[in-house]
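Here is the structure we will look at.
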Amino acid sequence: MKKLNITDLKNELIKRNISQKDFASMTGIRLPTINSYCTGTWKTISQEHIKKISKALNQELIIDIANVK
């Protein structure tokens with residue numbers, strides 16, 4: 001399984017031609033939350049969201065806490 005850093009989520013969605021709205025529907029995660037992950041404005045991320053994003057993209061999601069604002 002390929003690894004994806006949460007900071008690359010926006011680029012990954014663009015690469016796959018998936019809108020944030022569609023991704024929110026795919027994962028069951030609220031659109032504003034998906035947007036915060038894509039723009040890097042999130043403050044916390046739940047284990048449940050990590051699992052849902054990983055499953056939807058078929059990639060292991062990596063959280064680089066060294067680069068968290």
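Checking every one of the trypsin sites (Lys or Arg not before Pro) in segment 1-41 against DSSP loop status and a limit of 14 other Cβ atoms within 10 Å picks out LYS2, ARG16, ARG30.
Fraction of C-alpha pairs exceeding 16 angstrom in segment 1-53: 34 percent, rounded to a whole number. Protein heavy-atom accessible surface, 1.4 Å probe, per residue over the chain: 68 Å². If the elastic network links every pair of Cα atoms under 10 Å, which of ILE29, ILE50, ILE14 fluctuates the most in the Gaussian network model of the chain? Ranking ILE29, ILE50, ILE14 by mean-square fluctuation puts ILE14 first. Each residue of segment 28-41 is assigned a 3J(HN,Hα), and the resulting list reads x, 9, 4, 4, x, 6, 4, 4, 5, 5, 6, 9, x, 9 Hz, derived from the Karplus form 6.51 cos²θ - 1.76 cosθ + 1.60 (θ = phi - 60°), x at Gly and Pro.
Protein chains only, probe 1.4 Å: how do GLU48, GLU12, GLU60 rank by accessible area, largest first? Spell out each step's value before the answer.
Working: GLU48 105, GLU12 15, GLU60 80 Å².
My answer, sorted largest first, is GLU48, GLU60, GLU12.
The values are calculated or read from the model by the stated rules, or taken from the named source; none is laboratory data. These numbers come from a predicted model, not from an experiment. All Cβ positions, even for glycine, are placed from backbone atoms using ideal geometry, and neighbour counts span all protein chains on display. Ligands, DNA and RNA are stripped out before the accessible areas are found, and what is left, the full protein with its side chains, is counted by its heavy atoms. Shrake-Rupley method; radii C 1.70, N 1.55, O 1.52, S 1.80 Å.
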